[in-house]
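Some notes on the structure that comes next.
The values are calculated or read from the model by the stated rules, or taken from the named source; none is laboratory data. Just so we're clear, the structure is a prediction, and the values are computed from it rather than from any experiment. All Cβ positions, glycine included, derive from the backbone under ideal geometry; neighbour counts span all protein chains shown. Ligands, DNA and RNA are excluded from the accessible area calculation, which covers all protein heavy atoms including side chains. Shrake-Rupley method; radii C 1.70, N 1.55, O 1.52, S 1.80 Å.
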Amino acid sequence: MMVGMPREETRTTNAPNVRDAPNAPGSRGSATSDFQGAAVPAGGTTRAWATRLVVVGIVLSALNLRPTITSLGALLEEVRDGLGMSGGVAGLLTSVPPLCFGVFGVMAPRLARRFGAGAVVCAGMVAISAGLLIRPYAGGAAGFLAASALALMGIAVSNVLMPVIVKRWFPDRVGSMTGLYSMALALGTASAAAVTVPMTEALGGSWRSGLAVWAVLAATAVLPWIPLVRDRSTGSPASATAEPKREEAPAAIRITRSRTAWALAVFFGLQATSAYITMGWMAQIFRDAGVPASTAGLLLAVTMAMGVPLAFVIPRVATRLPHQGPVVLVLGVCGLAGYAGLYFAPAAGSWAWAVLLGIANCAFPLALTMVGMRARTGAGVAQLSAFAQSTGYLISIPGPLLVGVLYQSSGGWDLPIALMAALMLPQMVVGVLAGRNRTVEDEAAR
């Protein structure tokens, strides 16, 4: 349980997003306050079959929240050659996910209040499947980017609403359902990285088929939500309780006056930068070093899969410490060691570097944990989360693009890897500052 927060609020605010590609700015706080006051509807959709449908829907949806990104990373070289993309355009492509998450995810709570969370997630899965099916055959780099944005839009709204649905349908099993959701998300992330290349070869070697086949999994995820489309209650509370409204009043703190809030926002942005660079470029780094394409995909899968066990361990360790700086430093040292290995011997120690970078990427669940610990109230957590994530996503957008430009201009990976390692140093500094035992309410009051 996070320090300074009620148990249920801690689970709602932080636990559902431990492996999630980063949510829309402010979405978690808004979703929680909008939905926690609603009573679970009696009869109808609460019958056993409906509950089982929701479980299946959550698992299948979580499996589809990252293959759009990691399947592309495994075949990025083929996509670039096939579409005639420059390094800069390819870098732009790896910067699109955080941009879409920030732009489209913020609309999810409003859409859910109007149409119901089940209907919006169903539409999100449709958007993912349509985008994945269209983008390989869009006919050019611009069409590929547009279709990718369509799929990422579906991911963005589903990212935000999955934790809301978990809280809504399973209020007494938030922890176990969140664990199931997080493991499915990590499994989908790692699986897409591991099997995309072998599956492409089995389908005749066309990268278009290798990317488009993931639309089948997304289409499957549409089915469980269809019976729930008309159930507005999963996303629109029958009546707002007084408690959330009372909690919103003290939330009007001047968050920008808090140094801890700024440190946490920069830490969030730098760790997101590292994560999206890894997902977008790491497989290509190994391939350029002479590692076979299928092995490079497996290495990326190993990096992503490290988050499955560590996403449960790191938050528990962090909440037992008065200062989370030591955890920040351990993760940062692992990242620096991984980048040093990529620089000096990318192929020789590839498995070790993949493990080390996977550990370093677990700064994401640590950042979410610190969001809950650095505010005293639920409303403060919501405001801090909105500020840290919105600012952090803005910070993370240029990183993958800059890596692509440096790769193209220098003709190799020395400069991009040096940049990645250099960014790890300020991440460690601001992470230590964000880990100090204080609250944003106290700092803002001063």
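Only one of L356, L406, L366, L384 is open to solvent by less than 50 Å² (accessible area, probe 1.4 Å), part of a helix (DSSP H, G or I), in contact with a Cys (Cβ under 6 Å, 6 or more places away or on another chain) and not polar (S, T, N, Q); which?
Just one listed residue meets the conditions, L356.
Only residues in segment 222-235 that are over 11 Å from V121 (Cβ atoms) and part of a loop (DSSP other than H, G, I, E, B) count as the first member; pair them with residues that are open to solvent by less than 90 Å² (accessible area, probe 1.4 Å) and at pLDDT 85 or above, Cβ under 6 angstrom, at least 6 apart or cross-chain, and list the lot.
From segment 222-235, the pairs are D231/G118.
Which of the residues belonging to segment 313-329 are among the hydrophobic types (A, V, I, L, M, F, W, C) and either at pLDDT 90 or above or surrounded by 18 or more Cβ atoms within 10 Å (Cβ to Cβ) (or both)?
Hits for segment 313-329 are I314, A318, V327, V328, L329.
Got at least one residue in segment 74-83 being modelled with pLDDT of 80 or more, over 15 Å from I155 (Cβ atoms) and not in a helix (DSSP H, G or I)?
yes
Would you check if A337 is more than 12 Å from G435 (Cβ to Cβ), open to solvent by 10 Å² or more (accessible area, probe 1.4 Å), of a type outside the set (F, W, Y) and modelled with pLDDT under 95?
Considered against the rule, which asks whether it is more than 12 Å from G435 (Cβ to Cβ), open to solvent by 10 Å² or more (accessible area, probe 1.4 Å), of a type outside the set (F, W, Y) and modelled with pLDDT under 95, A337 comes out as no.
May I ask you to list the residues in segment 251-273 that are out of contact with any helix residue (DSSP H, G or I) (no Cβ under 7 Å at 6 or more places or on another chain) and either hydroxyl-bearing (S, T, Y) or part of a helix (DSSP H, G or I) (or both)?
Those that are out of contact with any helix residue (DSSP H, G or I) (no Cβ under 7 Å at 6 or more places or on another chain) and either hydroxyl-bearing (S, T, Y) or part of a helix (DSSP H, G or I) (or both): T256, W262.
State the number of residues belonging to segment 283-294 that are aliphatic (A, V, I, L, M), modelled with pLDDT of 90 or more and part of a helix (DSSP H, G or I).
1
In this structure, is I417 touching a Cys at 6+ places or on another chain (Cβ under 6 Å) and either open to solvent by less than 10 Å² (accessible area, probe 1.4 Å) or at negative phi (or both)?
Judged against the criteria, I417 is not a match.
Residues to consider are T70, T51, T94; find the one that is within 13 Å of L211 (Cα to Cα), at pLDDT below 90 and outside any loop (DSSP other than H, G, I, E, B).
None of the other options fit; the residue is T70.
Among the candidates G332, G297, single out the residue that is at pLDDT 85 or above, open to solvent by less than 10 Å² (accessible area, probe 1.4 Å), of a type outside the set (A, V, I, L, M) and part of a helix (DSSP H, G or I).
G332
Answer with yes or no whether V79 is farther than 20 Å from L185 by Cα, β-branched (V, I, T) and open to solvent by 10 Å² or more (accessible area, probe 1.4 Å).
Here the answer is no, as V79 does not meet what is asked.
Which ones in segment 427-446 are open to solvent by 60 Å² or more (accessible area, probe 1.4 Å), over 24 Å from the mean Cα position of the chain (by Cα) and among the β-branched types (V, I, T)?
Across segment 427-446, there are no qualifying residues.
Enumerate the pairs (first residue in segment 126-150 and more than 18 Å from P98 (Cβ to Cβ); second residue anywhere and open to solvent by 60 Å² or more (accessible area, probe 1.4 Å) and not in a helix (DSSP H, G or I)) with beta-carbon separation below 8 Å, excluding pairs fewer than 6 apart on the same chain, so at least 6 apart or on different chains.
Going by the 8 Å Cβ cut-off, the qualifying pairs are A141/G84.
With the condition kept exactly as written, say whether any residue in segment 108-122 is open to solvent by 10 Å² or more (accessible area, probe 1.4 Å), aliphatic (A, V, I, L, M), within 25 Å of W281 (Cα to Cα) and part of a helix (DSSP H, G or I).
no
Has segment 370-378 got at least one residue that is part of a helix (DSSP H, G or I), touching a helix residue (DSSP H, G or I) at 6+ places or on another chain (Cβ under 8 Å) and closer than 24 Å to M282 by Cα?
No - not one qualifying residue is present in segment 370-378.
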